[in-house]
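These notes are about the structure you will find just below.
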Amino acid sequence: ELEGRLDLTMNGLEETANMWNLIEGVGANENVLAVLDRGLHEFDALSGLSRSMVDWARMAFKLDGFQEEVKIVIVGKYTGLQDSYLSVIKSLKHASMAVERKLELIWVEAAHLDKQFDDENGGEKEYNEAWEKMKSADGVVVPGGFGTRGFNGKVEAAKYCRESKIPYLGICLGFQAMVVEYSRNILNWEDANSTEFVEDTKNPVVIFMPEIDKDVMGGTMRLGSRNTAFTYPEHEDGSASITKIMYCNADVVSERHRHRYEVNPEKVDTIHDAGLKFVGRDETGTRMEVAELPRSQHPYYVGCQYHPEFKSRPLNPSPPFHGLLLAACGMLDDYVAGLKK
(Lines give C-alpha, C1' and ligand atoms only; values in the text may rest on other atoms or scores of the structure.)
Protein backbone atom coordinates (compact mmCIF):
# COMPACT_ATOMS: atom_id res chain seq x y z
CA GLU A 1 0.00 0.00 0.00
CA LEU A 2 2.86 2.37 0.78
CA GLU A 3 4.42 1.72 -2.62
CA GLY A 4 1.12 2.52 -4.36
CA ARG A 5 0.57 5.75 -2.47
CA LEU A 6 4.15 6.99 -2.73
CA ASP A 7 4.98 5.74 -6.22
CA LEU A 8 8.35 4.37 -5.12
CA THR A 9 9.79 0.95 -4.51
CA MET A 10 10.94 -0.26 -1.13
CA ASN A 11 13.05 -3.08 -2.58
CA GLY A 12 16.68 -3.02 -1.51
CA LEU A 13 16.20 -1.12 1.75
CA GLU A 14 18.46 -2.80 4.30
CA GLU A 15 16.64 -1.51 7.37
CA THR A 16 13.00 -0.57 7.82
CA ALA A 17 14.19 2.22 10.10
CA ASN A 18 15.80 3.94 7.10
CA MET A 19 12.56 4.01 5.13
CA TRP A 20 11.75 7.34 6.75
CA ASN A 21 15.01 8.88 5.52
CA LEU A 22 14.01 7.91 1.98
CA ILE A 23 10.39 8.99 1.97
CA GLU A 24 10.96 12.14 4.02
CA GLY A 25 13.04 13.52 1.17
CA VAL A 26 10.20 13.17 -1.32
CA GLY A 27 7.63 15.00 0.80
CA ALA A 28 5.65 11.89 1.61
CA ASN A 29 5.08 12.49 5.32
CA GLU A 30 1.33 13.00 5.10
CA ASN A 31 0.84 9.93 2.90
CA VAL A 32 2.79 7.68 5.24
CA LEU A 33 0.84 8.83 8.26
CA ALA A 34 -2.43 8.44 6.41
CA VAL A 35 -1.54 4.89 5.41
CA LEU A 36 -0.65 4.13 8.99
CA ASP A 37 -3.95 5.66 10.06
CA ARG A 38 -2.17 8.15 12.24
CA GLY A 39 -4.00 11.19 10.94
CA LEU A 40 -2.72 14.75 11.04
CA HIS A 41 -3.82 15.67 14.55
CA GLU A 42 -0.51 14.56 16.09
CA PHE A 43 1.61 16.76 13.82
CA ASP A 44 4.13 19.10 15.31
CA ALA A 45 3.07 22.58 14.20
CA LEU A 46 6.62 23.63 13.36
CA SER A 47 8.09 20.58 11.67
CA GLY A 48 4.99 19.09 10.09
CA LEU A 49 5.83 15.75 11.69
CA SER A 50 4.35 13.88 14.60
CA ARG A 51 6.58 13.77 17.64
CA SER A 52 6.92 9.99 17.31
CA MET A 53 8.06 10.37 13.71
CA VAL A 54 10.58 13.03 14.70
CA ASP A 55 12.06 10.58 17.20
CA TRP A 56 12.02 7.81 14.61
CA ALA A 57 13.69 9.96 11.96
CA ARG A 58 16.36 11.04 14.43
CA MET A 59 17.04 7.42 15.37
CA ALA A 60 17.17 6.28 11.73
CA PHE A 61 19.56 9.10 10.81
CA LYS A 62 21.92 8.29 13.69
CA LEU A 63 21.81 4.59 12.90
CA ASP A 64 23.75 5.14 9.69
CA GLY A 65 26.52 6.97 11.51
CA PHE A 66 27.52 4.50 14.20
CA GLN A 67 31.24 3.71 14.01
CA GLU A 68 32.18 1.78 17.14
CA GLU A 69 31.16 -1.86 17.46
CA VAL A 70 29.95 -3.98 20.34
CA LYS A 71 30.35 -7.76 20.14
CA ILE A 72 27.57 -9.84 21.68
CA VAL A 73 27.68 -13.63 21.79
CA ILE A 74 24.43 -15.57 21.68
CA VAL A 75 24.85 -19.02 23.20
CA GLY A 76 22.01 -21.06 21.79
CA LYS A 77 20.74 -24.50 20.91
CA TYR A 78 19.22 -23.55 17.58
CA THR A 79 22.01 -21.49 16.01
CA GLY A 80 21.51 -23.25 12.68
CA LEU A 81 18.08 -21.61 12.48
CA GLN A 82 18.69 -18.10 13.74
CA ASP A 83 15.07 -17.06 13.22
CA SER A 84 14.42 -19.08 16.38
CA TYR A 85 15.97 -16.14 18.21
CA LEU A 86 14.47 -13.34 16.14
CA SER A 87 12.99 -11.47 19.12
CA VAL A 88 16.32 -11.70 20.94
CA ILE A 89 18.16 -10.39 17.87
CA LYS A 90 15.76 -7.47 17.51
CA SER A 91 16.03 -6.64 21.21
CA LEU A 92 19.81 -6.55 20.95
CA LYS A 93 19.52 -4.25 17.94
CA HIS A 94 17.15 -1.94 19.79
CA ALA A 95 19.55 -1.78 22.73
CA SER A 96 22.56 -1.23 20.46
CA MET A 97 20.76 1.75 18.92
CA ALA A 98 20.22 3.18 22.40
CA VAL A 99 23.97 2.99 23.14
CA GLU A 100 24.86 4.12 19.61
CA ARG A 101 27.00 1.15 18.65
CA LYS A 102 27.11 -1.15 15.65
CA LEU A 103 25.99 -4.56 16.76
CA GLU A 104 28.14 -7.55 15.86
CA LEU A 105 26.38 -10.81 16.69
CA ILE A 106 28.54 -13.88 17.29
CA TRP A 107 26.81 -17.26 17.37
CA VAL A 108 28.00 -20.07 19.62
CA GLU A 109 26.42 -23.52 19.68
CA ALA A 110 25.84 -24.27 23.37
CA ALA A 111 26.80 -27.94 23.07
CA HIS A 112 30.25 -26.97 21.77
CA LEU A 113 31.13 -25.27 25.07
CA ASP A 114 30.77 -28.51 27.01
CA LYS A 115 34.08 -30.33 27.62
CA GLN A 116 32.23 -33.62 27.15
CA PHE A 117 31.53 -32.58 23.56
CA ASP A 118 35.29 -32.58 22.96
CA ASP A 119 35.90 -35.79 24.90
CA GLU A 120 32.98 -37.87 23.64
CA ASN A 121 32.39 -36.57 20.14
CA GLY A 122 35.90 -35.82 18.99
CA GLY A 123 34.87 -32.21 18.49
CA GLU A 124 38.10 -30.57 19.60
CA LYS A 125 38.05 -28.08 16.72
CA GLU A 126 34.44 -27.01 17.40
CA TYR A 127 35.12 -26.84 21.13
CA ASN A 128 38.17 -24.60 20.74
CA GLU A 129 36.45 -22.37 18.19
CA ALA A 130 33.44 -21.93 20.46
CA TRP A 131 35.62 -20.81 23.35
CA GLU A 132 37.60 -18.46 21.13
CA LYS A 133 34.33 -16.78 20.24
CA MET A 134 33.30 -16.57 23.89
CA LYS A 135 36.57 -14.89 24.78
CA SER A 136 36.02 -12.23 22.11
CA ALA A 137 32.69 -11.14 23.58
CA ASP A 138 31.88 -7.78 25.11
CA GLY A 139 28.68 -9.34 26.43
CA VAL A 140 26.81 -12.66 26.35
CA VAL A 141 23.16 -13.63 26.04
CA VAL A 142 21.97 -17.12 26.89
CA PRO A 143 18.35 -17.36 25.68
CA GLY A 144 15.65 -19.92 26.35
CA GLY A 145 15.24 -23.42 24.99
CA PHE A 146 13.96 -26.88 25.75
CA GLY A 147 15.63 -30.26 26.18
CA THR A 148 18.93 -31.50 27.57
CA ARG A 149 21.18 -30.89 24.54
CA GLY A 150 23.49 -27.98 25.16
CA PHE A 151 22.37 -27.25 28.72
CA ASN A 152 25.76 -27.97 30.28
CA GLY A 153 27.28 -25.67 27.67
CA LYS A 154 24.95 -22.92 28.84
CA VAL A 155 26.04 -23.61 32.41
CA GLU A 156 29.67 -23.31 31.31
CA ALA A 157 28.87 -19.99 29.60
CA ALA A 158 27.33 -18.67 32.83
CA LYS A 159 30.36 -19.82 34.80
CA TYR A 160 32.81 -18.19 32.39
CA CYS A 161 30.93 -14.88 32.44
CA ARG A 162 30.59 -14.88 36.22
CA GLU A 163 34.26 -15.60 36.83
CA SER A 164 35.58 -13.39 34.01
CA LYS A 165 33.16 -10.55 34.79
CA ILE A 166 31.76 -10.51 31.28
CA PRO A 167 28.30 -8.87 31.11
CA TYR A 168 25.72 -11.65 30.99
CA LEU A 169 21.98 -11.86 30.44
CA GLY A 170 20.24 -15.20 30.95
CA ILE A 171 16.67 -15.60 29.73
CA CYS A 172 14.37 -18.43 30.84
CA LEU A 173 16.63 -21.49 30.49
CA GLY A 174 19.62 -19.12 30.55
CA PHE A 175 18.37 -17.87 33.93
CA GLN A 176 18.04 -21.44 35.18
CA ALA A 177 21.57 -22.18 33.94
CA MET A 178 22.82 -19.36 36.19
CA VAL A 179 21.14 -20.95 39.18
CA VAL A 180 22.52 -24.42 38.40
CA GLU A 181 26.04 -23.03 37.83
CA TYR A 182 26.04 -21.06 41.07
CA SER A 183 24.77 -24.05 43.01
CA ARG A 184 27.44 -26.34 41.57
CA ASN A 185 30.43 -24.04 41.89
CA ILE A 186 29.70 -21.77 44.86
CA LEU A 187 27.54 -24.00 47.05
CA ASN A 188 29.49 -27.09 45.93
CA TRP A 189 26.35 -29.03 45.08
CA GLU A 190 28.15 -30.88 42.32
CA ASP A 191 25.05 -32.71 41.12
CA ALA A 192 22.80 -29.62 41.16
CA ASN A 193 20.54 -29.71 38.15
CA SER A 194 17.09 -29.20 36.74
CA THR A 195 14.68 -32.10 37.03
CA GLU A 196 13.96 -31.47 33.35
CA PHE A 197 17.31 -33.15 32.69
CA VAL A 198 18.03 -35.32 35.76
CA GLU A 199 14.89 -36.27 37.64
CA ASP A 200 16.63 -38.00 40.54
CA THR A 201 19.30 -35.37 41.27
CA LYS A 202 19.93 -34.93 45.00
CA ASN A 203 19.97 -31.16 44.53
CA PRO A 204 17.03 -30.23 42.30
CA VAL A 205 17.50 -26.47 42.10
CA VAL A 206 15.07 -26.19 39.16
CA ILE A 207 11.83 -28.18 39.25
CA PHE A 208 8.65 -28.80 37.31
CA MET A 209 5.99 -26.33 38.40
CA PRO A 210 3.45 -28.16 40.59
CA GLU A 211 0.38 -26.89 38.75
CA ILE A 212 1.60 -28.18 35.36
CA ASP A 213 0.63 -31.62 34.02
CA LYS A 214 3.77 -33.60 33.12
CA ASP A 215 1.89 -36.00 30.89
CA VAL A 216 -0.02 -33.46 28.79
CA MET A 217 2.36 -31.13 26.91
CA GLY A 218 -0.08 -29.04 24.88
CA GLY A 219 -1.20 -25.76 26.42
CA THR A 220 0.39 -26.47 29.80
CA MET A 221 3.07 -23.79 30.06
CA ARG A 222 2.92 -20.76 32.31
CA LEU A 223 2.18 -18.20 29.64
CA GLY A 224 1.37 -14.57 29.17
CA SER A 225 2.04 -11.29 30.90
CA ARG A 226 2.55 -11.56 34.66
CA ASN A 227 3.79 -9.23 37.34
CA THR A 228 7.22 -9.29 38.94
CA ALA A 229 7.80 -7.39 42.19
CA PHE A 230 11.27 -6.20 43.15
CA THR A 231 11.22 -7.57 46.67
CA TYR A 232 14.95 -7.03 47.27
CA PRO A 233 15.65 -3.60 45.75
CA GLU A 234 18.89 -3.15 47.70
CA HIS A 235 21.83 -5.48 48.33
CA GLU A 236 23.65 -5.96 51.63
CA ASP A 237 26.50 -3.76 50.41
CA GLY A 238 24.06 -0.86 49.98
CA SER A 239 24.00 -0.96 46.19
CA ALA A 240 20.68 -0.92 44.39
CA SER A 241 19.43 -3.74 42.19
CA ILE A 242 20.66 -3.02 38.67
CA THR A 243 17.63 -4.72 37.15
CA LYS A 244 15.28 -2.48 39.13
CA ILE A 245 17.32 0.56 38.07
CA MET A 246 16.99 -0.41 34.42
CA TYR A 247 13.23 -0.58 34.87
CA CYS A 248 13.29 3.07 36.02
CA ASN A 249 13.11 1.92 39.65
CA ALA A 250 9.63 0.51 39.20
CA ASP A 251 8.43 -1.58 42.14
CA VAL A 252 6.44 -3.93 39.89
CA VAL A 253 6.90 -4.75 36.19
CA SER A 254 4.84 -6.83 33.81
CA GLU A 255 6.62 -9.18 31.40
CA ARG A 256 5.64 -12.17 29.31
CA HIS A 257 6.34 -15.78 30.30
CA ARG A 258 6.71 -19.13 28.58
CA HIS A 259 7.99 -21.94 30.80
CA ARG A 260 7.20 -25.15 32.67
CA TYR A 261 10.11 -25.23 35.13
CA GLU A 262 11.03 -22.86 37.94
CA VAL A 263 13.64 -22.37 40.64
CA ASN A 264 12.93 -24.76 43.50
CA PRO A 265 11.35 -22.71 46.33
CA GLU A 266 13.01 -25.01 48.90
CA LYS A 267 16.46 -24.01 47.61
CA VAL A 268 15.85 -20.29 47.20
CA ASP A 269 17.00 -19.04 50.61
CA THR A 270 20.25 -21.02 50.53
CA ILE A 271 21.15 -19.78 47.03
CA HIS A 272 20.09 -16.21 47.81
CA ASP A 273 22.09 -16.12 51.06
CA ALA A 274 25.14 -17.50 49.21
CA GLY A 275 25.18 -14.42 46.98
CA LEU A 276 23.05 -14.96 43.86
CA LYS A 277 20.28 -12.56 44.74
CA PHE A 278 16.69 -13.24 43.73
CA VAL A 279 15.71 -9.59 43.56
CA GLY A 280 12.48 -10.08 41.59
CA ARG A 281 9.72 -12.50 42.51
CA ASP A 282 6.11 -13.06 41.62
CA GLU A 283 3.52 -11.32 43.74
CA THR A 284 3.25 -14.32 46.09
CA GLY A 285 7.00 -14.15 46.74
CA THR A 286 7.43 -17.86 46.04
CA ARG A 287 8.25 -17.92 42.32
CA MET A 288 11.66 -16.53 41.32
CA GLU A 289 11.68 -14.10 38.38
CA VAL A 290 14.97 -12.14 38.46
CA ALA A 291 18.42 -13.02 39.80
CA GLU A 292 21.56 -10.90 39.79
CA LEU A 293 24.93 -10.38 41.40
CA PRO A 294 25.56 -7.03 43.11
CA ARG A 295 27.52 -4.63 40.93
CA SER A 296 30.29 -4.59 43.54
CA GLN A 297 30.94 -8.19 42.45
CA HIS A 298 30.12 -8.09 38.75
CA PRO A 299 29.47 -5.34 36.16
CA TYR A 300 26.25 -6.99 34.93
CA TYR A 301 25.17 -10.53 35.76
CA VAL A 302 21.41 -10.75 35.35
CA GLY A 303 18.92 -13.50 34.65
CA CYS A 304 15.15 -13.47 34.29
CA GLN A 305 12.64 -16.28 34.10
CA TYR A 306 10.40 -14.21 31.81
CA HIS A 307 11.07 -13.18 28.21
CA PRO A 308 11.85 -9.44 28.16
CA GLU A 309 12.56 -9.56 24.42
CA PHE A 310 8.84 -9.79 23.65
CA LYS A 311 8.19 -6.18 24.69
CA SER A 312 11.26 -4.50 23.25
CA ARG A 313 10.78 -1.67 20.74
CA PRO A 314 13.24 0.37 18.62
CA LEU A 315 12.66 3.57 20.59
CA ASN A 316 12.06 1.76 23.89
CA PRO A 317 14.55 -1.11 24.26
CA SER A 318 13.94 -3.88 26.74
CA PRO A 319 15.49 -2.81 30.09
CA PRO A 320 17.51 -6.02 30.69
CA PHE A 321 18.91 -5.87 27.14
CA HIS A 322 19.61 -2.16 27.48
CA GLY A 323 21.53 -2.84 30.69
CA LEU A 324 23.54 -5.60 29.01
CA LEU A 325 24.58 -3.34 26.14
CA LEU A 326 25.44 -0.47 28.47
CA ALA A 327 27.67 -2.78 30.51
CA ALA A 328 29.21 -4.32 27.38
CA CYS A 329 30.17 -0.83 26.18
CA GLY A 330 31.47 0.30 29.58
CA MET A 331 28.67 2.88 29.87
CA LEU A 332 26.60 1.47 32.70
CA ASP A 333 28.22 3.40 35.56
CA ASP A 334 27.75 6.73 33.80
CA TYR A 335 24.17 5.82 32.88
CA VAL A 336 23.31 5.00 36.50
CA ALA A 337 25.04 8.14 37.74
CA GLY A 338 23.06 10.20 35.25
CA LEU A 339 19.79 8.84 36.59
CA LYS A 340 20.66 10.12 40.06
CA LYS A 341 21.07 13.71 38.91
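The values are calculated or read from the model by the stated rules, or taken from the named source; none is laboratory data. Predicted model, so just to flag it, every value in this text is computed and none were measured. Note: accessible area is taken over every heavy atom of the protein model, side chains too, but ligands, DNA and RNA are not part of it. Shrake-Rupley method; radii C 1.70, N 1.55, O 1.52, S 1.80 Å.
Which ³J(HN,Hα) values in Hz, rounded to whole numbers, follow from the phi angles of the range 93-100 under the Karplus curve 6.51 cos²θ - 1.76 cosθ + 1.60, where θ = phi - 60° and Gly and Pro get x?
So the Karplus estimates, Gly and Pro as x, are 5, 4, 5, 5, 5, 5, 9, 6 Hz.
For the range 314-331, just list the computed ³J(HN,Hα) in residue order, Karplus coefficients 6.51, -1.76 and 1.60, θ = phi - 60°, integers in Hz, with x standing in for Gly and Pro.
With the stated coefficients, the range 314-331 comes to x, 9, 8, x, 4, x, x, 5, 4, x, 4, 5, 4, 5, 5, 8, x, 9 Hz.
In the structure displayed, which of Lys102/Lys311; Lys62/Lys340; Lys311/Lys340; Lys77/Lys125; Lys133/Lys311; Lys165/Lys202 lie more than 24 Å apart, Cα to Cα?
Over 24 Å Cα-Cα: Lys62/Lys340; Lys311/Lys340; Lys133/Lys311; Lys165/Lys202.
Can you give the accessible area of Lys244, probe radius 1.4 Å, in Å² rounded to 10?
Rounded to the nearest 10, that gives 20 Å².
List the relative contact order of the range 118-192 as a percent without decimals, with contacts defined as Cα pairs under 8 Å and 6+ residues apart.
28 percent
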